[in-house]
Structure formats: C-alpha cells, structure tokens
1. If the chain between Leu82 and Ala70 were fully stretched, how many nm would it gain, using 0.36 nm times the residue separation less the Cα-Cα distance?
2. Determine the shape class of the range 58-171: with a ≥ b ≥ c the square roots of the Cα gyration tensor eigenvalues, call it rounded for a/c under 1.5, and otherwise prolate if a/b is greater than b/c, oblate otherwise.
3. Under 5 Å between amide hydrogens, which residues at least 5 positions from Ser146 or on another chain qualify, with H placed 1.01 Å from N in the peptide plane?
4. Considering only Asn132, Val121, Ala108, whose Cα is most displaced toward the positive end of the charge dipole of the range 98-226, charges sitting on Cβ of Lys, Arg (+1) and Asp, Glu (-1)?
5. Just want to confirm a number: the relative contact order over the range 42-95, from Cα pairs under 8 angstrom separated by 6+ residues, in percent.
6. Hey, rough spin-label estimate for Leu52 and Ala20, points 7 angstrom out along Cα→Cβ, what's it come to in nanometres?
7. Taking the alpha-carbon centroid of each part, what is the distance from the range 77-100 to the range 130-158 in angstrom?
8. Students often get this wrong, so try it: which of [x] 24, 22, 18; [y] 31, 22, 19; [z] 29, 18, 17 is semi-axes √(5λ) of the Cα gyration tensor in Å as calculated from the structure shown?
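What follows draws every value from the coordinates through simple rules; no lab data is involved. Note that the structure is a prediction, hence the values are computed from the model and not measured. So basically every Cβ, Gly included, is an ideal-geometry build from the backbone, and we count neighbours across all protein chains shown.
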Amino acid sequence: MSLDAIESGIDPQTLEELGALDIRRGQPLVALDCDEVLVEFSGHLARWLVPLGYEMRLRAYRLEGSIFRAGEDVPLPFDDCLDLIDRFFTEEAHRQAALPGAVEAARALGESAQVVVLTNVPRHAREDRLANLARIGVEAPLVVNSGGKGRALAWLSRKAAAPVVFVDDSTLQLASAAKHAPEVGRVYFTGSPYIRGVMPDCPEAHLTAPGWDEALAGIGPLLAGE
C-alpha cells in the first residue's frame, strides 16, 4: 500500500501528530498503548465511579454492559458509559498511576529503540495525558489516535523502515494492526491485574505476555526481526 493510501485512512489530527514525530529511519521502534499498559485505567475508573453512585461489574473485557447504577441490575446504556468515561479523562487523566514495571520497561525499550505512545484517549485530554506520563517518568512522544491503530502503525513502520513492535491490551487493536500493518510485531499485554482475568485470547498476537519481564524478553527478538 502506498504512503498516500495509508495517510488517507488516518484521522487528520492524528496524521499531523505523526508527522511531527522525529522518526529516525533505520532504528527499531516500539509503539506502546497507554491505558492498562503504562497506566491504570479500569481499576481507577471503578474507584472513581463509586462516589458518583455507579459501580463496575467487569464480567467481560468491555465497558458496555459493565457499568451499573449502584444497586441496580440493568447496565447503563452505552452512550451513558461513554459520557462517564469522557468525564473520567477530563478529571483524572492527569493523575493515573503507573502500572508495576511500566516506567522501567519504557526506559529499557528506549535504550535500543524509538518509543512512541499511541493512545486513543479523548483528544481534549491529550495535554493532561502527556503531563501525567512525564510525571511518572515516561518521556516518550505521544500520538492521539482515533479508531483502529493499524493505519497509524503502518505509517510508523513505513517511516522507520526498521522492525516495529506494537504493545496493546485490546484484541481489536491488535487485529487492526494485523490487517493494516502485518509486518509489525504484535504483543498482547496488560500490566493491570484488574482486567487480566477477563481478557480473551488474541490469535492475532505474536506474543501474549503475563508481565513486563516476559513482554520485554519477547520484544527483543521481534525488534531483531527474529
């Protein structure tokens, strides 16, 4: 696929942020998701909901059908869930906690590869997210994506002209990567014990890692093209 065709499928604001990156051609690159990979999301959201009169009942790896008014048995409509999540990022994105081992892993990856944080946070929370990552010690550049991340990964792969590895906790995002950037190494991973038990299998992943140590051990060979 031509670069023009790749770019035509990327949100214009995302494409602008990609274009502002200082991508060093020929150097391997790692694209890291943020929520549940670098910082806690679902557990933080669950605690934040309680004083608002809601509760999280996570029975599957999706927010739709998982948020309830306290004491009720019917889940909130999806649009109401989206409104709450948008409010969460408005109020909490600047103080999400680093997941165990995440900061150390990002630094370790940065010793041999370019690191980019590719996140689907609401765009209005971009600066809070960037400030929060700096606060916890992750200095990597940030790109706010919309929808599937596969085309953005294809763009990064084309620009880097070197092995690229993508780390995410979403099977949908890894499937998007497999479809649009099949050359990219795909690592299925979360650092969050809150969601680990409800995550489905991910056949699109080259590696499923239970912790950052295993993820780092597997990313190395993928970056080496093995």
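1. On the way: separation 12, 0.36 × 12 = 4.32 nm, distance 1.76 nm.
My answer for the length gained is 2.6 nm.
2. Working: a/c = 2.17, a/b = 1.74, b/c = 1.25.
Verdict is prolate for the range 58-171.
3. Amide H neighbours of Ser146: Asp11.
4. Positive-end residue among those listed: Val121.
5. Across the range 42-95, relative contact order equals 24 percent.
6. In this crude spin-label approximation the distance works out to 2.8 nm.
7. Answer, in whole Å: 18.
8. Derived directly from the coordinates: [z].
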